[in-house]
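S.K.: Encoded as C-alpha cells, here's the structure I'll be asking about.
Each value in this text was obtained by applying a stated rule to the coordinates, not by laboratory testing. These numbers come from a predicted model, not from an experiment. So basically every Cβ, Gly included, is an ideal-geometry build from the backbone, and we count neighbours across all protein chains shown.
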Amino acid sequence: MSNLLVINSSANTGASVSRILIEETVSRALEAAPNTAVVRRDLGSNPVPHLTTANLAGVRGTPATEEEFAARALSDELIAELRAAGTIVIAAPMYNFSVPTSLRAWFDFVLRAGETFRYSEAGPEGLLKGKKVIVLTSRGGLYSEGPGAAADFQEPYLRHLLGFIGITDVTFIHAEKIGYGPEARDAAIAGAKTEIARVARSFSTVAA
C-alpha cells in the first residue's frame with residue numbers, strides 16, 4: 001500500500017486555489033491507487049508553532065523543559081509522517097513572493113540533524129531519499145517566466161529545503177495569474193488540474 005502525505009498551508013479556508021488543487025490531487029491519486037493511505041496536515045487551521053526561545057532546544061538541542069519536550073514530540077511525529085510517505089503533496093500559496101510562515105514552521109520541525117539530514121566530511125547529506133514530492137502553488141501574478149521570475153523566492157526555496165533532506169524528485173504545478181480576474185483564475189485552475197491528471201498517473205507505481 002502506498003502512503004500519501006498531504007500538507008495544506010493556506011490560511012484561506014474559503015476560495016483557496018491551493019486547497020482546490022490539493023483535493024483534486026488526492027482524488028486523482030485515489031483513482032490511480034485506491035489502497036493509498038492518506039495522512040493530512042492542515043497547517044493553516046492547525047499550525048506548527050514557530051521556534052522560539054521557549055521551544056528551540058526541543059528541535060535543535062537537548063530538551064529539558066515541558067515546552068521543549070513537547071516540541072521534540074511534535075518534531076518526532078512530523079518526521080515519522082514524512083518517513084512513512086512514499087509521496088508528499090504540498091499546497092503552497094505564494095505569500096509575499098515566498099511560502100506561508102506555517103509551511104516554514106513545518107520545515108523548521110522536520111529539518112533535524114541526525115534524523116532527516118546529517119553532516120559528514122563531504123558536507124550535509126539528506127536522509128530521506130527515494131521519495132516523490134508534488135508542490136501545488138497558487139500565485140496572483142506570473143512568476144514562472146518573464147520579469148516576475150526574479151521575484152520567485154518560493155520554488156527555489158522549496159527545492160533547496162527538500163533537496164537538503166534528500167528529496168530531489170520534485171514536481172511543481174503552478175496556478176498563476178489568479179489575481180488577474182475571474183477568467184484568469186478559472187483558466188489557471190483548469191490548467192493546473194490538467195497537469196495534475198497527467199502527474200497523477202504515476203501514483204499507481206509509487207509505494208512507501
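S.K.: Evaluate 2.2 N^0.38 Å with N set to the residue count of region 17-121, then give the Cα radius of gyration divided by it.
M.R.: On the way: Rg = 15.7 Å, N = 105, 2.2 N^0.38 = 12.9 Å.
This ratio for region 17-121 stands at 1.22.
S.K.: Continuing with the same structure: What's the FRET efficiency of Ala149 with Glu31 using the Cβ-Cβ distance as r and R₀ = 25 Å, to the nearest 0.05? It would help to have the intermediate numbers written out before the result.
M.R.: Values: r = 34 Å, r/R0 = 1.34.
Rounded to the nearest 0.05, the efficiency is 0.15.
S.K.: Select from Pro49, Pro147, Pro124 the residue whose mean-square fluctuation is largest in a Gaussian network model of the chain (Cα-Cα springs shorter than 10 Å).
M.R.: The residue with the greatest mean-square fluctuation here is Pro147.
S.K.: Next up: Can you bin every Cα-Cα distance in region 3-205 into 10 Å intervals starting at zero and give me the percent of pairs per bin, rounded to whole numbers?
M.R.: Distribution as computed: 9, 33, 36, 18, 4, 0 percent.
S.K.: Also, I was wondering about something else. What is the gain in length, in nm to one decimal, between Ala184 and Asn96 on full extension, counting 0.36 nm per residue of separation less the C-alpha to C-alpha distance? Mind showing how you got there, number by number?
M.R.: On the way: separation 88, 0.36 × 88 = 31.68 nm, distance 2.00 nm.
In short, 29.7 nm is gained.
S.K.: Looking only at GluC sites (Glu not before Pro) in DSSP loops with at most 14 other Cβ atoms within 10 Å, what is the longest site-free stretch of the chain?
M.R.: The segment 1-120 is the longest one with no such site.
S.K.: In nanometres, what is the gap between the two model label sites at Leu161 and Arg201, each 7 Å from Cα along Cα-to-Cβ?
M.R.: 3.1
S.K.: Right, here's the next one. Could you grab the relative contact order for region 3-205? Cα pairs under 8 Å, six or more apart, rounded to a whole percent.
M.R.: On the way: 348 pairs, mean separation 48.6, N = 203.
Relative contact order here is 24 percent.
S.K.: Take the alpha carbon atoms of region 143-182, find their center, do the same for region 59-98, and report the distance between the two centers in whole angstrom.
M.R.: If you average the Cα positions of each part, the centres end up 21 Å apart.
S.K.: Can you say what percent of the DSSP beta bridges in region 9-164, counting only those with both residues inside, are antiparallel? Round to 5. Before the final figure, lay out each step's value.
M.R.: Numbers: 5 of 13 bridges.
Within region 9-164, antiparallel bridges account for around 40 percent of the total.
S.K.: Can you give me the distance in nm between label points at Lys129 and Glu23, each placed 7 Å from the Cα along the Cα-to-Cβ direction?
M.R.: Calculated label separation equals 3.9 nm.
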